[in-house]
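No lab work stands behind these numbers, since they all come straight from the coordinates. On a predicted model such as this, the values are computed, not experimentally measured, just so you know. Here the Cβ positions follow ideal geometry from the backbone for every residue, glycine too, while neighbour counts run over all protein chains shown.
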Amino acid sequence: MNRRGAIKNYIKTTIKVLIIMLLISGSAFATSVNVRSNKSSYNPGETVTVSVTFSGSQIIGVQAGFSYDSSLLQYTGGQSLIYFDGSPVNSHTATLTFKALKEGRATVTVNNIKVSTMAADETLSSRSVNISIVKPAASSPSSGSSGSSSGSSSGSSSSSNTSSSSNTPAPKPEPTPAPEPEPDPMEKAVEVKIGEDTKYLWPELAKIKLPEGFEKGKAAYGEDEIEVAVSKNEDTDLTLAYFTDEKGEKGVFYVFDVDKQEFYPRVNLNARSSYTILKLNDAEEIPQGYIESEFEVDGNKVDAWVMESGKSEDFVLLYVMNEEGEKGFYTYDKLEGTMQRFTDRVVEVEVLIEPEPLSVFEKIFSDPLLATIFGGLGLVTAGLTAGLVKLGKGGKF
């Protein structure tokens, strides 16, 4: 082989090695789920153990449901939902336990699998494991030379006892009631219209991961009481409600204005501090010189105000709450993404003052042409008057 051919082969080999390394590294960090049982088959009455193992890189949260044939298996575990929330791990195993009821072939399926890692949130397809429940093997009768040497009478008696024992049917396990199925959270969800979208409010937050800095609480919604997330900071008066779509997916927390009984998207602006955009309270007044407008943050339209004069188009006024729980107006710079606390200042407003109506003489003398004409007429009138006076005096002599 010449030198050029050797170089080509070396390059091809190097590329193949790189591709294999990329595939291996990609598969090593991909999230996976493995479902298996601790035995290949079980007898009625035995405990069935199913292990569900989640593997990946820096897993911080897991949520999944499961289903099974209740006519063959009885669920004996405590939780009705697979759930994990904690420090990052590369593997997490959940254990499901059942009691085998009768012969048959059952299937345990893990579904609605959602895994959160430090890098992303993933939704995985369902995984299943088959469970074989079989009749226990019959025990064989004992026999041996000692039985034969003890005499025909003893042998006959032993044979009779063995036959009697083998014909006795094994006791059937008492039937156990099938466990009640876990209620579907969507059965209690309330349909709510928020803007142009239809969302579904969850009145219970049993297995929902709350945002950092919040804890579970309760609030009145209409005539009912729902579970909500409330801030742990007493100075921060903020209540959040949990919504999903019609399939119970794409869960997100919305700000809940308890007084107005309104919901709106939870939108945070992160500049040097974090600000939560709020709806304007009835007690607050819009600063003079500003008019209502629209502003979009992360795909959500929020209330905003701009100057009526049309100046400073790169700035928008927002009503927010800062990290200390203080509420008020802030000016947001759309170009630099910074927030500035709004202070009362003079806003230029052009006011047109209508002049008072002029009198007849003011209108005449304000017009140069009319003023000249009337001035000339005045001089003519004065001359005529003087002439008449002079003629009158001449007539007397």
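Compute the FRET efficiency between GLU212 and LEU280 as 1/(1 + (r/R0)^6), taking r as their Cβ-Cβ distance and R0 = 30 Å, and round to the nearest 0.05.
Computed FRET efficiency for GLU212 and LEU280 comes out at 0.65.
What span do the alpha-carbon atoms of the range 186-265 cover on each of the three principal axes, reported in whole Å from largest to smallest?
Sorted from largest, the Cα extents of the range 186-265 read 34, 27, 22 Å.
What residues of the range 207-244 lie in the reach of a label at LYS114, counting those whose backbone N is under 14 Å from a point 7 Å from the Cα along Cα→Cβ?
Of the residues in the range 207-244, 207-211, 242-244 have backbone N under 14 Å from the label point off LYS114.
Expressed in nm to one decimal, what extension gain is obtained for the pair ASP245 and TYR10 from 0.36 nm per residue of sequence separation less their Cα-Cα distance?
Net length gain for the segment: 79.2 nm.
Please report the relative contact order for the range 276-341, taking Cα pairs under 8 Å with a sequence separation of at least 6, and give it as a percent rounded to a whole number.
RCO, the range 276-341: 25 percent.
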